[in-house]
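Asker: First, the structure itself, so that you have it in front of you.
The values are calculated or read from the model by the stated rules, or taken from the named source; none is laboratory data. These numbers come from a predicted model, not from an experiment. For neighbour counting, all protein chains shown are included, and Cβ atoms are generated from backbone atoms with ideal geometry for every residue, glycine included.
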Amino acid sequence: MDGLADEAARRLRSNPAAVAAVAVLCAIVVLSWLGPWFSPNNSQTLDWLHIAVRPGMQSSHWFGTDRLGRDLFTRTLAGTRVSIAIGLAASVISLLVGVSYGAIASYIGGRTDHLMMRLIEILSGLPLIFFVIFLTVIFGRSEYLLFFAIGAVGWLTMARIVRGQTLSVRQREFIEAAIASGAGTGRIIARHVVPNVIGPVIVYATLTVPQIILFESFLSFLGLGIQEPGASLGTLIAEGAGEMEAAPWILLVPGSFLAVLLLCLNIFGDGLRDALDVKDG
């Protein structure tokens with residue numbers, strides 16, 4: 001296992017695009033956490049003397065201000081932190097549910113597998129965005145509910161991937177040896193099945209993060225995500241869309257951060273897939 005990990009790391013380092021994407025991602029994360037410390041402004045402070053100031057026109061507002069005089073630099077970094085946190089948290093929920101569900105369904109097999117897969121097909125046919133909207137309307141619009149709601153609809157594809165990988169792993173000799181030694185189903189799944197399907201799982205989890213960030217941004221754009229006075233990249237883009245003609249920088253600044261973040265995450269995910277030699281389909 002260590003040899004495979006070392007080989008994957010070597011392949012990843014030999015991919016210039018993936019390395020550059022990781023570097024940019026690290027820079028964005030560091031900037032989003034440390035950047036506000038170097039700014040003289042607070043993300044919620046209203047500067048009525050500088051309303052909708054262009055970037056570079058006022059020395060204390062590096063990225064300009066919005067229509068309420070709030071500093072766009074600190075608000076964009078705060079929104080980036082929230083979007084990354086939602087992407088990671090919802091991906092972890094999706095990962096835990098999808099891996100457990102797919103591994104159990106495939107390993108047990110038979111009627112149990114059939115019923116569990118039919119449930120996934122039914123859920124996949126539903127407009128899951130309405131499920132998220134339903135939860136946020138019924139239980140309120142909190143960040144924690146948003147983590148759970150987005151993660152709860154993101155596990156379906158993960159479960160399918162894990163099930164397909166488990167079907168091939170289940171026929172391997174070490175599984176038969178574990179059964180012969182008297183190991184229980186739970187122990188076999190946890191100790192033998194999951195570790196041997198972890199490669200595709202890691203790759204898909206990496207590619208899930210940008211999908212969830214984009215989904216959260218879409219919900220926030222519709223007004224169903226993070227609420228004022230909080231901010232995510234989606235809420236900032238929604239605010240900027242209304243000022244696109246008069247003050248385009250209010251849209252362009254958070255929009256650029258979101259575009260670069262998604263691009264780098266996808267490039268890194270593709271590089272990781274190549275490094276682990278995971279084939280599509």
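Asker: Every residue in segment 41-76 that is surrounded by fewer than 23 Cβ atoms within 10 Å (Cβ to Cβ), free of Cβ contacts under 8 Å to residues at least 24 places away in the same chain and among the polar types (S, T, N, Q), please.
Answerer: Answer for segment 41-76, where residues must be surrounded by fewer than 23 Cβ atoms within 10 Å (Cβ to Cβ), free of Cβ contacts under 8 Å to residues at least 24 places away in the same chain and among the polar types (S, T, N, Q): GLN58, SER59, SER60.
Asker: I would also like to ask the following. If you check GLY125 against the conditions, is it without any contact (Cβ under 8 Å) to a residue 40 or more places away in the chain, of a type outside the set (Asp, Glu) and on the phi > 0 side of the Ramachandran plot?
Answerer: Criteria not met by GLY125.
Asker: Is it the case that THR76 is assigned to a helix (DSSP H, G or I) and closer than 17 Å to THR235 by Cβ?
Answerer: In short, yes.
Asker: When only residues in segment 218-235 that are over 21 Å from ASP71 (Cβ atoms) and crowded, with 18+ Cβ neighbours inside 10 Å count, which is modelled with the highest pLDDT?
Answerer: LEU219
Asker: Next question. Enumerate the pairs (first residue in segment 194-222 and farther than 17 Å from PHE131 by Cα; second residue anywhere and outside any helix (DSSP H, G or I) and of a type in the set (A, V, I, L, M, F, W, C)) with beta-carbon separation below 8 Å, excluding pairs fewer than 6 apart on the same chain, so at least 6 apart or on different chains.
Answerer: Listed by first residue and then by second, the contacts come to PRO195/MET1; GLY199/LEU276; GLY199/VAL278; PRO200/LEU276; PRO200/VAL278; ILE202/LEU276; VAL203/LEU276; VAL203/VAL278.
Yes or no, residue by residue, for (1) at pLDDT 85 or above; (2) surrounded by fewer than 21 Cβ atoms within 10 Å (Cβ to Cβ); (3) in a loop (DSSP other than H, G, I, E, B):
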site: ARG81; (1), (2), (3): yes, yes, no
site: ILE84; (1), (2), (3): yes, no, no
site: ALA89; (1), (2), (3): no, yes, no
site: VAL99; (1), (2), (3): yes, no, no
site: PHE131; (1), (2), (3): no, yes, no
site: LEU135; (1), (2), (3): no, yes, no
site: ILE150; (1), (2), (3): no, no, no
site: ALA159; (1), (2), (3): yes, no, no
